[in-house]
Amino acid sequence: MLRLGMIGTGNISRGALAPAIAEVDGAELWSVLSRDKAKATEFAHQHQAAAKTPGFDDLESFLSDPGLDAVVIATPDKLHAAQAIAAAAAKKHVLVEKPMATTVEDAVAMIEACRSAGVRLGVAYHMRWHLGHRELAAKVHRGDFGKIWHARAQWTFQAPNTANWRAHNDVGRWWSLAGVGTHSLDWLRWMLVPVCGEIIDVTSTITRNVLGSTHDESAAVSVQFESGAIAQLIASALFSAPNRAEIYGSSGYAYCSETIGCGGGGRIDTDNGPIAFSDVNPYAGEIADFVAAVRDGRDPEVSGEEGRRNIELLCEICPDSADTTTL
């Protein structure tokens, strides 16, 4: 049984990660860390954390528990690196929410700290455990659609104002890109890199200050792969639209409707008909993979190196000094 400590008690922890841990054989929620000890204790009791004293408001005390095996970090983005490095120093395995950091330097430091400590580091890109996506990836990688030339992913949401911490500099760096765009970027790389090579060129148009945030409020991104394939992603905090993804090859295509997102449902159609898949919880899949990685002594499917590459690309897409076209 892998005993997991949750760092952060926000919506993703409450609505997705803690319930996913409860679904996975071989995993249990052990303890919880929050800035507010009362909130940590309430969360721990609500989700049946197993430690005798499960609620903490101090990172050092939380990590010093010998019963704790690993941590799930679900705090604001700029806090990830320090928390992950501290967990590694305490010999705890680390699963960190996306994006894993807000600078390449921090991502590298997290990787090196976990490697030096001999603990596993995984990054939580849950869409890789959508069963329809997994079947689609298998088809792409074995050449069912021929040579891939184009792909597209769109995930947006509509924020009423800039109350979300991602809209501000204190603990965030990107808004729409960190909230949803990073997932679309990971999805595109997962699908295409094995058959198209790495991304070698990035262009983007970023919209800011519509709602009052200097961070990206919308992003339209185009990338080119080594093979010549091109891909696009759309991320936004300004409008809600159908979430979709598309892949086009020399001998076939796939169209994903409402599979991009938090759930395991939606529909995937191809030139040869729909892909059949079961609607399962993708968050449980990522927890199960992390547990198996620790048990088997391997890297999680989305390793720290994969997370670092995503950060490198986010920094090209939306640098602080904006080499992008900015509206």
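Laboratory data are not the source of any read-out in this text; all were calculated from the coordinates shown. In this text the structure is predicted, and so the values were computed from the model without any measurement. Note that we place each Cβ from the backbone using ideal geometry, even for glycine, and neighbour counts take in every protein chain shown.
Enumerate the lysines that Lys147 could reach by cross-link, defined here as Cα to Cα under 28 Å, with residues fewer than 8 away along the same chain left out.
List returned: Lys139.
For region 146-297, with equal point scatterers placed on the C-alpha atoms only and solvent neglected, what are the log10 I(q)/I(0) values from the Debye formula at q = 0.16, 0.17 1/Å, to two decimals?
Ignoring solvent entirely, the Cα scatterers give -1.00, -1.08.
Of Gly197, Val123, Ala219, whose Cα points farthest to the positive end of the dipole of the chain (charges on the beta-carbon: +1 Lys, Arg; -1 Asp, Glu; origin at the Cα centre)?
Val123
So for region 1-116, considering every pair of alpha-carbon atoms, how many percent are separated by more than 23 Å?
It works out to 21 percent of all Cα pairs.
Cβ under 12 Å from Leu136's Cβ, Leu136 left aside: what net charge do those residues give with Lys, Arg +1 and Asp, Glu -1?
Cβ neighbours under 12 Å give a net charge of +1.
Any idea how far the Cα center of region 268-312 sits from the one of region 135-165, in Å?
About 14 Å separates the Cα centre of region 268-312 from the one of region 135-165.
If r is the Cβ-Cβ distance from Arg14 to Ala82 and R0 is 22 Å, what FRET efficiency results, to the nearest 0.05?
Computed FRET efficiency for Arg14 and Ala82 comes out at 0.45.
For region 94-215, what log10 I(q)/I(0) values come out of the Debye formula at q = 0.13 1/Å, with one point per alpha carbon and no solvent?
Log10 of I(q)/I(0), two decimals: -0.70.
Using +1 at the Cβ of each Lys and Arg and -1 at the Cβ of each Asp and Glu in the chain, identify which of Cys262, Val140, His150 lies farthest towards the dipole's positive end.
Going by the Cα projections, it comes out as Cys262.
Give the cross-link partners of Lys52 among the aspartates and glutamates, using a straight C-alpha distance below 14 Å as the criterion and excluding same-chain residues fewer than 8 apart.
Result set, ordered by chain and number: Glu28, Glu42, Asp65.
How big is the chain in terms of Cα radius of gyration and Dmax, in angstroms?
So, for the chain, Rg and Dmax equal 19.4, 59 Å respectively.
If you find the alpha carbon centre of region 32-82 and of region 1-29, how far apart are they in angstrom?
After rounding, the separation between the Cα centres reads 11 Å.
Helix 104-117 versus the longest principal axis of the chain: what is the Cα-based angle in degrees, 0 to 90, to the nearest 10?
Here the helix axis deviates by roughly 50 degrees.
Express the relative contact order of the chain as a whole percentage, based on alpha carbon pairs under 8 Å and six or more residues apart in sequence.
For the chain, the relative contact order is 19 percent.
Taking θ as phi - 60°, what are the ³J(HN,Hα) couplings along region 309-318 by the Karplus curve (6.51, -1.76, 1.60), each to the nearest whole Hz, with x for Gly and Pro?
Couplings: 4, 4, 5, 4, 6, 4, 5, 6, 5, 9 Hz.
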